[in-house]
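Just so it is clear, none of the values below were taken in a lab; they were calculated from the coordinates. None of the values given here were measured: they were computed from a predicted structure. Every residue, glycine among them, receives a Cβ derived from its backbone with ideal geometry; neighbour counts consider all protein chains shown.
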Amino acid sequence: MKSQGNIVLGVTGSIAAHRAVDLCSLLVRAGCEVHVVLTADARRFVTEVPFQTLSRNPVVTDLYDTAGGWQPTHIQLADQADLLLIAPATAHTIARLAHGLADDALTCIALALRPETPVVVAPAMNGKMWLHPATQANVETLRRRGVEFVGPDTGLLACGYEGAGRLWPIEQIASHVLARLAAGPGGAGTPPPSVA
Ligand SMILES: Cc1cc2nc3c(=O)[nH]c(=O)nc-3n(C[C@H](O)[C@H](O)[C@H](O)COP(=O)(O)O)c2cc1C
């Protein structure tokens, strides 16, 4: 199958991180090349093992890993990426992106992307965290910079409250990403394959 595109999938320290495993699988089965990057806190919720197996690529967990050769891995991945997807995205990582922090592999990749590379963010968090003015201001900053947000959904949250903050359904995230890849950096493309 022709590759649908090269995706960097960033996974952050949310209770929804386990759902990124199936999201990774959906994207691979749809024909994408997927490179997974886990934040340090994502590794409290998931390990690299399922991502490495499903993506058939090494998983990046350490900014200073030199296994890829002389060029830093985060620069290689940023150069090659057709799209950066962060799912789930925590309030903390959304804040780091909005403020241009570069304190781990994922945030360094986000800064080192080619300017035309689409960035898609799927937030997941407690409803009060999502609605907090600080988070909303960070989201607005990123939107103004061209970052696309998918979700969050509303419903029963893992913390026990009802509200906005649920990770968007992974099938919808995958469909959005495939459509975005098909459209290319600046125009309409062919319809994406189904992920069902
Ligand atoms: C059990 C548990 C669940 C959490 N779930 C979320 C979450 O869904 N969304 C969120 O923004 N933060 C959540 N947090 C807090 C983040 O893990 C914390 O802000 C962390 O610093 C995020 O780091 P990262 O964005 O670098 O991965 C949770 C913390 C705990 C202990």
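Key figures
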| read-out | value |
| --- | --- |
| Karplus-derived HN-Hα couplings along region 152-162 (A = 6.51, B = -1.76, C = 1.60, θ = phi - 60°), whole Hz, x at Gly and Pro | x, 7, 10, x, 6, 9, 4, 6, x, 8, 9 |
| Net charge of Cβ neighbours under 11 Å - reference Thr154; Lys, Arg +1; Asp, Glu -1 | -1 |
| Amide H contacts under 5 Å for Cys32, placed H, 5+ residues apart | Gln4 |
| Note, ³J(HN,Hα) from phi for region 79-90, Karplus 6.51, -1.76, 1.60, rounded to Hz, x at Gly and Pro | 5, 7, 5, 8, 6, 9, 10, 10, 8, x, 10, 7 |
| Relative contact order of the chain, defined on C-alpha pairs under 8 angstrom at six or more residues apart (%) | 21 percent |
| Sparsely packed trypsin sites (Lys or Arg not before Pro) within region 1-86, loop by DSSP, other Cβ within 10 Å at most 15 | Lys2, Arg56 |
| Value at 222 nm in deg cm²/dmol, rounded to 500, when DSSP H runs of n ≥ 4 in the chain each add -39,500 (n - 2.57) | -11000 deg cm²/dmol |
| Interchain or long-range residues, amide H under 5 Å from Trp168's placed H | Asp153 |
| For the chain, share of DSSP beta bridges that run antiparallel, in % to the nearest 5 | 20 percent |
| Taking His74, His99, His132 and counting other C-beta atoms within 10 Å, the order from fewest to most | His99, His132, His74 |
